[in-house]
1. Let me check I've understood the local charge: for Ile72, count other residues with C-beta under 15 angstrom from its C-beta, Lys and Arg +1, Asp and Glu -1. What total comes out?
2. At 1.4 Å probe size, with the rest of the protein present, what percent of the exposed accessible area of the chain is carbon and sulfur atoms?
3. Between the alpha-carbon centers of segment 51-89 and segment 1-41, tell me the distance in whole angstrom.
4. Could you pull out the GluC sites (Glu not before Pro) across segment 17-92 that fall in loop regions by DSSP (anything but H, G, I, E, B) with no more than 12 other Cβ atoms inside 10 Å?
5. Rounded to the nearest 0.05, what FRET efficiency do Arg26 and Ser70 give with R0 = 25 Å and r taken as the Cβ-Cβ distance? Could you check?
6. What are the ³J(HN,Hα) couplings of segment 73-85, residue after residue, when phi is run through the Karplus curve with 6.51, -1.76, 1.60 and θ = phi - 60°? Round to Hz, x for glycine and proline.
7. Would you mind getting the accessible area per residue of the chain, heavy atoms of the protein chains only, 1.4 Å probe, in Å²?
8. Restricting things to Cα coordinates, could you compute the convex hull volume per residue of the chain in Å³?
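The values are calculated or read from the model by the stated rules, or taken from the named source; none is laboratory data. Note that this is a predicted model, so its numbers are computed, not measured. A quick note on method: Cβ atoms are made from the backbone with ideal geometry, for glycine too, and the neighbour counts reach across all protein chains shown. All accessible areas refer to the heavy atoms of the entire protein, side chains included, with ligands and DNA or RNA removed. Shrake-Rupley method; radii C 1.70, N 1.55, O 1.52, S 1.80 Å.
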Amino acid sequence: MTHCDEAVYVATLILLYVDLPDTPLRPTPQDQSVARKLYQENVPLSVVEGALLLASLRRLIRNSDLPPLSPIRSLAYFQPVITELQQQSLPKGYLDYLRFKFQKMAGPAQQP
């Protein structure tokens, strides 16, 4: 994990989170707590970013015939995908692919 202090890690993670579609415009104290916990567990920001993008893309490509999903209310929503990527990391270059795909699908207004 690239060394950065907790405040930078938490701020970066929160910015990535609130820039996603269907997330709150402002983080809650619980979101801040989840971000600090991820820092304390030494989860690399790249893993968290990958999880945020992957989960968001899964929502965006969801079959439009299905009922709409409710908005995301907490950073904790992404914990299962973070765990998934900790167990099986993304292939080299895949994070860049997710960023590109997300920009393309979410439009220019939504950029992590």
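1. Local net charge: +2.
2. The computed percentage sits at 54.
3. 16 Å
4. Glu41
5. Using R0 = 25 Å, I get an efficiency of 0.90.
6. 9, 8, 4, 4, 3, 8, 4, x, 6, 4, 4, 4, 6
7. Here the per-residue accessible area is 62 Å².
8. Hull volume over Cα atoms, normalised by residue count, gives 108 Å³.
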